[in-house]
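Only the coordinates and a few stated rules stand behind these numbers; no lab work does. Just so it is clear, the model here is predicted, and its values are computed rather than measured. With ideal geometry, Cβ positions are generated from the backbone for all residues, glycine too; neighbour counts draw on all protein chains shown.
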Amino acid sequence: MTESSPNWDWMLRGGYGGMCLTFTHGVTPEAVLRRYGADPSQASSIAFPQVYELLQPGPDSSILRVGSIREWTFCCETLGVQGIMPAVLAALSQDTQTVAVNHGANALHTLEHWVDGQPRERFEPGQESSLQAADVHPLWDTAERHRADHHSVPAVLGALEAVGDRIGGHLTADIVAGPLLTTALPWTLPPLPSPAAPLPFVHAAETRPLGSRIGTFRPPTR
């Protein structure tokens, strides 16, 4: 298969620019907003075409839009990347798990998986050298399998298909464009609940010796 999957290809079309998506298991949309550091009482149900007109966000704020797919709450963030920050991911994943995908307008794409406040897997789709994992890396493996099926389109689609497999559903263009609980978030981060251990690189370059030992060099004696 070489054609783009219809499940996520709306992200490749214009209209959204950069977007950060998070999917948190078993947490309500209101709770997700609180974990971002937003006040859910200030959120309103707004369709995407009216968001910027009604909220008029400042230059130092993100737009958060939340909803549910099965047992997962998603958050679509535009105008910012708070959802990929370690402090936010630690807060979102406390006592649960969170998958985050940053689809940057500058072509920087990353996927992260956090469990109970700690990172488990992180990579740039299609970049094997970027893969970091605490042990196994199922999202990377699934993303690569999907990328092989859709090798003519950006690797981020394979990563999004892996997310769809994990959550048991897909975030469609109609869902994103329609009414969602929406608010503006100033760029302030909640405190990190616990130290996040750095993830090792799975394909770290092996250390190679400079060459065979040739012994000590001594000048000739007369």
Exercise. Which semi-axes, in whole Å and largest first, does the equivalent ellipsoid of the stretch 6-59 have when worked out from the alpha carbon gyration tensor as the square roots of 5 times its eigenvalues?
Worked result: 22, 18, 10
Exercise. Can you list the HN-Hα couplings for the stretch 48-62, worked out from phi with the Karplus curve (6.51, -1.76, 1.60; θ = phi - 60°), rounded to whole Hz and with x for Gly and Pro?
Worked result: 4, x, 9, 4, 6, 5, 7, 8, 6, x, x, x, 10, 8, 10
Problem set entry | Contact order relative to length of the stretch 109-153, as percent, for alpha carbon pairs under 8 angstrom and 6 or more apart | 26 percent
Seminar exercise, completed: A chain fully extended from Arg145 to Arg70 at 0.36 nm per residue, minus the present Cα-Cα distance, gains in nm 24.6 nm
Exercise. Taking the Cα atoms of the stretch 59-149 alone, what are Rg (to one decimal) and Dmax (as a whole number) in Å?
Worked result: 13.6, 40
Problem set entry | Distance (nanometres) between label positions extended 7 Å along Cα→Cβ at Ser41 and Ala173 | 3.9 nm
Exercise. Are there trypsin sites (Lys or Arg not before Pro) in the stretch 58-133 that DSSP puts in a loop and that have at most 14 other Cβ atoms within 10 Å, and which ones?
Worked result: Arg70
For this session: Pull out a ≥ b ≥ c, the square roots of the eigenvalues of the alpha-carbon gyration tensor of the stretch 116-183, then state rounded if a/c is under 1.5, prolate if not and a/b is larger than b/c, and oblate in the remaining case.
Result: oblate
Problem set entry | the stretch 1-131, Cα convex hull volume normalised per residue, Å³ | 133 Å³
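Please label the shape of the stretch 98-140 as rounded, prolate or oblate, based on the square roots a ≥ b ≥ c of the eigenvalues of the alpha-carbon gyration tensor (a/c under 1.5 means rounded; beyond that, a/b larger than b/c means prolate, else oblate). Provide the component values of the computation, followed by the final result.
Values: a/c = 2.70, a/b = 1.40, b/c = 1.93.
It comes out oblate by the Cα gyration axes.
Over all distinct alpha-carbon pairs, what is the Kirkwood Rh of the stretch 35-97 in angstrom? Don't skip to the end; give the middle numbers.
Numbers: mean 1/r = 0.0771 Å⁻¹.
In the stretch 35-97 this quantity evaluates to 13.0 Å.
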For this session: Could you list which residues have their amide H under 5 Å from that of Trp72, counting only those 5 or more apart in sequence or on another chain, with H placed in the peptide plane?
Result: Gly26
